[in-house]
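The values are calculated or read from the model by the stated rules, or taken from the named source; none is laboratory data. Because the structure is predicted, anything quoted here is derived from the model rather than measured. Reconstructed Cβ throughout: ideal geometry from the backbone, glycine too, with neighbour counts over all protein chains shown. The protein model used for the area step is the full one, side chains on, heavy atoms only, and it has no ligands, DNA or RNA in it. Shrake-Rupley method; radii C 1.70, N 1.55, O 1.52, S 1.80 Å.
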Amino acid sequence: MIDKFERTKILLGNESMKRLSECRVAVFGVGGVGGYVCEALARSGIGQIDLIDNDRVCYTNLNRQIIALNSTIGRYKVDVMADRIRDINPDCIVNVHKTFYLPPEARSMKQLSVSTNASDTDRNKDQTENRNASDDTDKKITGEKFDFATYDYVVDAIDTVTGKIGLIVECSEAGTPIISSMGAGNKLDPSAFEVSDIYKTSVDPLARVMRRELKKRGIRKLKVVYSKEESVGTGAEGTGRRRRTPGSVAFVPSVCGLIIAGEVIRDLSDKS
């Protein structure tokens with residue numbers, strides 16, 4: 001019988017492939033960067049993948065996200081990616097989390113808010129039933145608590161500083177390896193990406209903020225993928241909380257995602 005990972009085994013060997021098949025990796029953020037991370041992890045034989053994202057595929061994702069097709073618009077990104085992973089490797093266990101990751105302190109505040117609101121509806125049966133029906137929505141609002149000790153590796157591909165900091169701190173406390181993506185927007189040169197420790201980065205404005213915040217929290221090291229390319233333009237006028245929408249192309253976030261996946265695979269297979 002033909003082994004779908006035959007070509008990979010030539011490079012990594014049987015022992016490493018067995019190790020990868022027993023590993024569990026969590027990918028936070030299944031967008032332009034995270035989607036390609038998942039793609040490469042699935043095609044490299046990772047045995048269990050957790051997908052964490054509460055966003056749906058939209059029309060403007062078509063220019064860069066591997067899960068974005070006209071046929072998938074409106075579907076949850078984690079559902080589309082889960083189907084894709086299972087089609088690539090039916091043996092891979094895929095755990096879907098339709099939630100927005102929040103750091104512990106923010107999660108506690110949100111849960112307190114939801115709990116306070118819910119207490120007002122406990123007065124009659126009908127309202128209680130309505131609240132139970134909205135449990136899934138509440139989970140998306142409050143964020144889900146994750147046991148980071150259960151993961152062999154965590155990938156941070158989300159785009160909020162507070163979320164990134166929270167992930168890194170929780171992984172540090174659990175002793176779980178994590179790799180973080182820095183900015184991939186407003187870039188045109190995929191060859192400018194580098195793998196580095198956060199404290200050795202330069203140019204990237206997100207990395208600058210991360211260095212400052214992580215130093216405050218006593219985090220001494222963090223593997224990141226970042227670009228040395230200066231931002232090309234400042235993006236377009238945004239809406240809502242996002243003041244500006246960064247420009248993007250197909251060949252930049254995808255490369256960042258593949259580099260991240262390569263680091264995860266090499267670290268877990270002891271080929272780094």
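Residue check: A157 meets all listed conditions (1) touching a Phe, Trp or Tyr at 6+ places or on another chain (Cβ under 8 Å); (2) of a type in the set (G, A, S); (3) open to solvent by 30 Å² or more (accessible area, probe 1.4 Å) but one, namely (3).
The listed residues are I10, I2, and the only one of them that is open to solvent by 60 Å² or more (accessible area, probe 1.4 Å), over 24 Å from F146 (Cβ atoms) and in a loop (DSSP other than H, G, I, E, B) turns out to be I2. Within region 262-272, the residues that satisfy the criterion of being open to solvent by less than 20 Å² (accessible area, probe 1.4 Å) and out of contact with any strand residue (DSSP E or B) (no Cβ under 8 Å at 6 or more places or on another chain) are I265, S269.
Applying the criterion of being touching a residue at least 40 places away in the same chain (Cβ under 8 Å) and either open to solvent by 50 Å² or more (accessible area, probe 1.4 Å) or of a type in the set (D, E, K, R) (or both) to the residues of region 56-79, the residue that is farthest from Y153 (Cα to Cα) is N63. For Y36, are the conditions met, namely being within 18 Å of D159 (Cα to Cα) and touching a helix residue (DSSP H, G or I) at 6+ places or on another chain (Cβ under 8 Å)? Criteria met by Y36. Within region 187-205, the set of residues being surrounded by 20 or more Cβ atoms within 10 Å (Cβ to Cβ) and either of a type in the set (S, T, Y) or touching a residue at least 40 places away in the same chain (Cβ under 8 Å) (or both) comprises K187, F193, T201. Go through region 22-56 residue by residue and tally those that are more than 10 Å from the chain's Cα centre (by Cα) and not in a loop (DSSP other than H, G, I, E, B). Looking only at that region, the number is 11.
So that you can scan it fast, the table gives a plain yes or no per residue for (1) charged (D, E, K, R); (2) within 14 Å of I85 (Cβ to Cβ); (3) modelled with pLDDT of 95 or more:
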| site | (1), (2), (3) |
| --- | --- |
| N14 | no, no, yes |
| R19 | yes, no, yes |
| A26 | no, yes, yes |
| G29 | no, no, yes |
| C38 | no, yes, yes |
| L41 | no, yes, yes |
| G45 | no, yes, yes |
| I49 | no, yes, yes |
| N54 | no, no, yes |
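Of all residues in region 207-225, those that are open to solvent by less than 40 Å² (accessible area, probe 1.4 Å) and closer than 22 Å to R244 by Cβ total 3. Being open to solvent by less than 40 Å² (accessible area, probe 1.4 Å), at pLDDT below 95 and out of contact with any Cys (no Cβ under 8 Å at 6 or more places or on another chain) is a property that does not hold for G247.
Just checking, does region 57-64 include any residue being outside any loop (DSSP other than H, G, I, E, B), under 17 Å from R266 (Cα atoms) and at pLDDT 95 or above?
No: zero hits.
The single condition among (1) in contact with a Leu (Cβ under 9 Å, 6 or more places away or on another chain); (2) within 22 Å of E229 (Cβ to Cβ); (3) not in a helix (DSSP H, G or I) that K164 does not satisfy is (3).
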